[in-house]
Amino acid sequence: MSHARFDYTSLDELQQDIKKRGLDIPIATAIDVLHKPVKIGDKTIPNRLAILPMEGCDGTADGKPDELTVRRYTRFAQGGAGLLWFEATAVVHEGRANPRQLQINELTKESLAGMLKEALQAAAAAGHQRPFTILQLTHSGRNSRPDGAPKQIIATHAAHLEDKLVEGYHMITDQELQQLEDTYVHAAEMAAQAGFDAVDVKSSHGYLLAELLMAHTREGIYGGSFENRTRLLCNIIDKIKSKVGDKLIVAVRLGAYDSVPNGWGTDKEDYRKADLTEPVKLIKILYDKGVKLFNISAGNPYYNPHVTRPYDMGSYLPPNHPLEDLSMLLNAARVMQAAVPEAIVMGSGLTWLRQYAPYVAAGCIQAGWMKLAGFGRQAFAYPGFANDILTTGRLDETKLCLACSKCTAIMRDGGRSGCVPRDAKVYVPIYLQGREGKPPYESDHVAEHV
């Protein structure tokens, strides 16, 4: 299947192309299911539409939300999505992916609480029910650039990434990983104090916890066997649950497959194919430990971003059609939901479908493939997408994400990210400055965008 840009003019045309390509992507003719609430513990997610964690790289140097950060979450909250998954927030300074990444500690806790409060007030003022809120906790591992320049902290050697190692990288020790367990727990406690409903112990996209999942050759208690490779994630979950009990819901954004040689969840004969045997085993263990909410993603946005987020334009031409990548993402969610039927599984990758995304979201939920539909880039471009779906039954084609990757280009240029075509007044100047290499672009770092 060769790569192609989105060019469908009708839902029927999309359906026919899916059928012609032999793919399995459910499409519903009605989208009423998207209105239905979902219970999680003693809380309610008021509808089936969610905003995925979209990093803006626009916090302050000390890790607090800045003006554009607060603006983004206020707009998201006004947009009516039932779940707001707040972006990657580092648990330690050295684990920040860029100098503007959010960080959670005693100095930033109140500012994070203030951002959350403003978002919830914006939702209420717009007439929406209170959205369910999650703060994503992360350590960027080999993608760490806390002060602009790479300061890589790796968990294992990986053949496909060896040429990206820089002088002075650090192989994290077992002792340091053990200390991180308690650091994550303290971060979760602070997130609860700040008012978030849940924390996400992020294990996806090549960051530290996800890299451990593929640490087949690492020695010690965090490498080699399945039990060892999943040890850090499982220990963090156990300790958070022991410390905060039911005061805070625990979620996991889980990469289901890496699509890299010898990667997590990949077929041994063809790494472009998924083998979900170990991911299924892990999600069952995590569910038994008390994790009730999962977002299923895949790939590594630093290495193969088309796997994580099918696109029309980017830094390279993908080897396959975006529908193939989308089908793999959605089917991974299906397999994981089937493995833990009582859990809440959220799917990803829907933005590329533009105005037809609601029908696929509803189709997947009706078919039992997932219980929530997550949107990332679409929220950057079109913060009110959920409200329009729920009130008018359709999306405004003049507001849709174009899958043009300019928001990613901003990140590569070291700047604050947003939608260049749809939020032009704010982000065109930032984008142009970055292309020209002018301040305030302090480095050439790449940060994640899903």
Search result, residues across the range 250-268 that are charged (D, E, K, R) and at pLDDT 95 or above: R253, D258, D267
Checking H128 against (1) under 21 Å from K43 (Cβ atoms); (2) in a loop (DSSP other than H, G, I, E, B); (3) open to solvent by less than 10 Å² (accessible area, probe 1.4 Å), the condition it does not meet: (3)
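Mind listing just one residue for me: the one in the range 131-158 that is of a type in the set (D, E, K, R) and either crowded, with 23+ Cβ neighbours inside 10 Å or touching a helix residue (DSSP H, G or I) at 6+ places or on another chain (Cβ under 8 Å) (or both) and, of those, nearest to R218 (Cα to Cα)?
In the first step, residues of the range 131-158 are kept if they are of a type in the set (D, E, K, R); the result is 142, 145, 147, 151.
Restricting the remaining residues to those that are either crowded, with 23+ Cβ neighbours inside 10 Å or touching a helix residue (DSSP H, G or I) at 6+ places or on another chain (Cβ under 8 Å) (or both) gives 142, 151.
Values: R142: 15, K151: 20 Å.
If we take residues in the range 131-158 being of a type in the set (D, E, K, R) and either crowded, with 23+ Cβ neighbours inside 10 Å or touching a helix residue (DSSP H, G or I) at 6+ places or on another chain (Cβ under 8 Å) (or both), then R142 is nearest to R218 (Cα to Cα).
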Single unsatisfied condition, I249 versus (1) in contact with a strand residue (DSSP E or B) (Cβ under 8 Å, 6 or more places away or on another chain); (2) under 22 Å from A155 (Cβ atoms); (3) of a type outside the set (G, A, S): (2)
Top-ranked residue in the range 50-99 [being of a type in the set (D, E) and either without any contact (Cβ under 8 Å) to a residue 12 or more places away in the chain or touching a Lys or Arg at 6+ places or on another chain (Cβ under 8 Å) (or both); ranked as surrounded by the fewest Cβ atoms within 10 Å (Cβ to Cβ)]: E67
Answer residue from the range 193-223, given it is open to solvent by 30 Å² or more (accessible area, probe 1.4 Å) and over 24 Å from the mean Cα position of the chain (by Cα) and is nearest to E181 (Cα to Cα) among those: I221
Subset of the range 1-31 [free of Cβ contacts under 8 Å to residues at least 12 places away in the same chain, open to solvent by 80 Å² or more (accessible area, probe 1.4 Å) and either over 27 Å from the mean Cα position of the chain (by Cα) or at positive phi (or both)]: T9, D12, Q16, K19, K20
From M346, M328, M336, residue being more than 30 Å from K438 (Cα to Cα), open to solvent by 20 Å² or more (accessible area, probe 1.4 Å) and touching a residue at least 24 places away in the same chain (Cβ under 8 Å): M328
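Can we say Y359 is without any contact (Cβ under 8 Å) to a residue 12 or more places away in the chain and either open to solvent by 10 Å² or more (accessible area, probe 1.4 Å) or hydrophobic (A, V, I, L, M, F, W, C) (or both)?
Numbers: without any contact (Cβ under 8 Å) to a residue 12 or more places away in the chain: no; either open to solvent by 10 Å² or more (accessible area, probe 1.4 Å) or hydrophobic (A, V, I, L, M, F, W, C) (or both): yes.
No.
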Yes/no for G263 being out of contact with any Leu (no Cβ under 6 Å at 6 or more places or on another chain) and either among the hydrophobic types (A, V, I, L, M, F, W, C) or in a helix (DSSP H, G or I) (or both): no
Every residue from the range 386-409 that is over 25 Å from H321 (Cα atoms) and open to solvent by less than 10 Å² (accessible area, probe 1.4 Å): A386, I389
Residue in the range 41-49 that is surrounded by fewer than 20 Cβ atoms within 10 Å (Cβ to Cβ) and among the hydroxyl-bearing types (S, T, Y) present: yes
Helices (runs of 4 or more DSSP H) contained in the range 325-442 and holding at least 1 residues in contact with a strand residue (DSSP E or B) (Cβ under 8 Å, 6 or more places away or on another chain) and of a type in the set (A, V, I, L, M, F, W, C): 357-366, 377-381, 385-392
In the range 329-382, the residues that are at positive phi and touching a helix residue (DSSP H, G or I) at 6+ places or on another chain (Cβ under 8 Å): G349, G368
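The values are calculated or read from the model by the stated rules, or taken from the named source; none is laboratory data. Predicted model only: the values in this text are computed from it and were never measured. Positions of Cβ are backbone-derived with ideal geometry, glycine not excepted, and every protein chain shown enters the neighbour counts. Surface accessibility is based on the protein's heavy atoms, side chains included, excluding ligands, DNA and RNA. Shrake-Rupley method; radii C 1.70, N 1.55, O 1.52, S 1.80 Å.
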